[in-house]
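Here the structure comes first, spelled out in structure tokens, and everything after it is commentary.
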Amino acid sequence: MIWGTTWLALKAQAGVVDPSVSIAYRFLIGSCLFFILHYIRTQKFLPKLPKRMHLMVFFQGIFMFGLAYEPFFPASKYMASGLLAVIFSAIALPNIFLGALFFKTPIRPQVILGSLLGIAGVVATFWKDVETLDIADNAVYGILLGLTGTLLASFGQIIATKVSRSGVRVTDSAPYAMLYGALFMLIYCIAKGETITIDWSISYVAPTLYLGVMGSFIAFWAYLTLIGRIGPGRAAYVLVATPIIALCISSIYEGYTWTITTFIGMSLVIAGNVLVLRGKT
């Protein structure tokens, strides 16, 4: 539900601050909240994380809370946001196969079928954008960028699974991972010549706080916990359902009109969800 509404905050953020810098701010807020939570619980400032895990958590942060977002900004110049939602919803598939590669997790036909149904549902929901795709208009470049971002996110989630299965709690790994990701993005922005600035207007600060508190601290806490419990393949179905929730919100706040393909898409996503969640962990 939270990630289905974060697109409103992302739209509200657009302005003078570079999107990559905004990503860093978002995860700095999330990281700080995790550190504060740890202090409230233990009266200690830093969560105890084994030294050998820091490198793994470092790469989790770079992929999951940094690089995965970067390709989607230029990709949005070449295609509609609905197509980006379709591409990112396919993350369930690399998660399934990478999980099998790195964790020897059985590839269950039921989970693959459920994921394919969900992706087909997202395609049906955004069929208008798919139908108007113009390959001649640099769309292939946009698709490749979107797929790159999706694959980077998948690698981040696989690393997060490894961290969780090593016995490290989300509340001990997430503050470091988000901090590493945010600092990496700031260094990356400086390297590409972007100015590190901030817009103190309420129209920027409010959505940034929402993304940091709800979209990062709360939502990723839940999602990383889910990954640890049921694995990256089945957990990724959340990202199939998210654009459908976003459309429900859009119909309320932006007057989005539902069509027959929207209802077909919703039905396919629900059917896929039933198959995925009925599969064994």
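Here are some notes:
- FRET efficiency estimate (nearest 0.05) - Cβ-Cβ, THR42 to ALA222, R0 22 angstrom: 0.55
- Ascending count of other beta-carbon atoms within 10 Å, so fewest first, for LEU247, LEU10: LEU10, LEU247
- Taking 0.36 nm per residue of separation and subtracting the Cα-Cα distance, full extension of the segment from THR195 to THR259 would add 18.7 nm.
- Per residue Cα convex hull volume in Å³ - calculated over the range 182-264: 172
- Taking every alpha-carbon pair under 8 Å whose residues sit at least 6 apart, the range 14-159 reaches a relative contact order of 38 percent.
- Diffusion coefficient, µm² s⁻¹, Stokes-Einstein with Kirkwood Rh over alpha-carbon pairs of the chain at 25 °C and 0.890 mPa s: 127
- Ranked by how many other beta carbons lie within 10 Å on average, peptides 216-224, 21-29, 70-78 from highest: 21-29, 216-224, 70-78
- Whole-angstrom gap from the range 8-81 to the range 93-166, using each part's C-alpha centre: 21
- Pairwise alpha-carbon distances in the range 141-213 exceed 17 Å for 66% of all pairs.
- Separation of the alpha carbons by more than 23 angstrom is noted, of LYS77/LYS192; LYS104/LYS162; LYS77/LYS162; LYS48/LYS104; LYS51/LYS104; LYS51/LYS162, for LYS77/LYS162; LYS48/LYS104; LYS51/LYS104.
- Relative to its residue count, the range 1-97 spans a Cα convex hull of 156 Å³ per residue.
- Relative contact order of the chain, defined on C-alpha pairs under 8 angstrom at six or more residues apart (%): 41
- Choice from SER251, SER31, SER115 with maximal GNM fluctuation in the chain (Cα, 10 Å cutoff): SER251
- Pairwise FRET efficiency - SER251 versus LEU209, Cβ, R0 = 35 Å, nearest 0.05: 0.85
- Entry note, the chain: the mean residue ellipticity at 222 nm calculated from DSSP H runs of n ≥ 4, each adding -39500 (n - 2.57), is -22500 deg cm²/dmol after division by the residues and rounding to the nearest 500.
- Net length available on complete extension from ARG229 to PHE102 is 44.1 nm, with 0.36 nm assigned per residue and the Cα-Cα distance removed.
Taken together, the values in this text are just the output of simple stated rules run on the coordinates, not laboratory data. Note that the coordinates shown come from a computational prediction; the quantities given were computed from them, not determined experimentally. Neighbour counts run over all protein chains shown; Cβ positions are idealised from the backbone, glycine included.
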